[in-house]
Amino acid sequence: MMMRLCIPFILALCLLGCSSPPPDSTKPKKFDIREKSIENRAPDFVLKDLKGADVRLSDYKNRPVLLVFSTTWCRYCRDEIPHIKKLHASYGRKNLEIINIFVQETAGKVAAFAEKHELPYRVVLDADGQVADRYDVKGVPTIVFIDREGRIVCHACRSIDTVLMDVFPG
């Protein structure tokens, strides 16, 4: 009895599977990271750096910006530092601005951390976590890439190297 009920179902699945057109294998589509991008306007913010100066995202108009949301206590954030330093060394001279945003941390703790790890890029404090909330940061580290037009191209970027190679060819 059970077998009689399964046979029509299996036949229907086979017919549906055979009815779809074959994939066009003659032209492999090139992967374009921009098709997967978010491309929303990046919310402006004003945060304090370790010297107490205001840092505004809008001050970097017409420059690509990499935001790195992190904390001092996060092991994965520490593990990411050599990679971010390498990006800074490679793309900083090509006008990429890297801003490390420490979320809900004190200035003293972040200053000691930045000095210990010799962070060569901008370090700012999101003391109350409001900027992280506006950028929908769910955990740290979170990397957000903003293009020259101020659009978020990549949020929680896992393949930031691919994005940057596309933005800075050669």
Residues satisfying the stated conditions in the stretch 135-148, i.e. in contact (Cβ under 8 Å) with a residue 40 or more places away in the chain and over 14 Å from Ile99 (Cβ atoms): Val140, Asp147, Arg148
Qualifying residue in the stretch 99-106 (condition: of a type outside the set (A, V, I, L, M, F, W, C), within 30 Å of Gly170 (Cα to Cα) and in contact with a Gly (Cβ under 9 Å, 6 or more places away or on another chain)): no
Pairs, first closer than 23 Å to Thr71 by Cβ in the stretch 85-103, second open to solvent by 60 Å² or more (accessible area, probe 1.4 Å), C-beta under 6 Å, six or more apart: His88/Pro120; Glu97/Arg63; Ile99/Arg122
Test: residue in the stretch 62-72 that is surrounded by fewer than 12 Cβ atoms within 10 Å (Cβ to Cβ) and of a type in the set (D, E, K, R): no
Output for the stretch 141-169, where each listed residue is open to solvent by 40 Å² or more (accessible area, probe 1.4 Å), in a loop (DSSP other than H, G, I, E, B) and not hydroxyl-bearing (Ser, Thr, Tyr): Pro141, Arg148, Glu149, Ala156, Arg158, Pro169
Elements of type strands (runs of 3 or more DSSP E) contained in the stretch 54-131, each with 3 or more residues being under 18 Å from Cys154 (Cβ atoms): 65-70, 97-103
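The values are calculated or read from the model by the stated rules, or taken from the named source; none is laboratory data. What you see is a predicted model; the values in this text were computed from it and never measured. Every residue, glycine among them, receives a Cβ derived from its backbone with ideal geometry; neighbour counts consider all protein chains shown. In case anyone asks, the SASA skips ligands and DNA or RNA and just uses the protein heavy atoms, side chains included. Shrake-Rupley method; radii C 1.70, N 1.55, O 1.52, S 1.80 Å.
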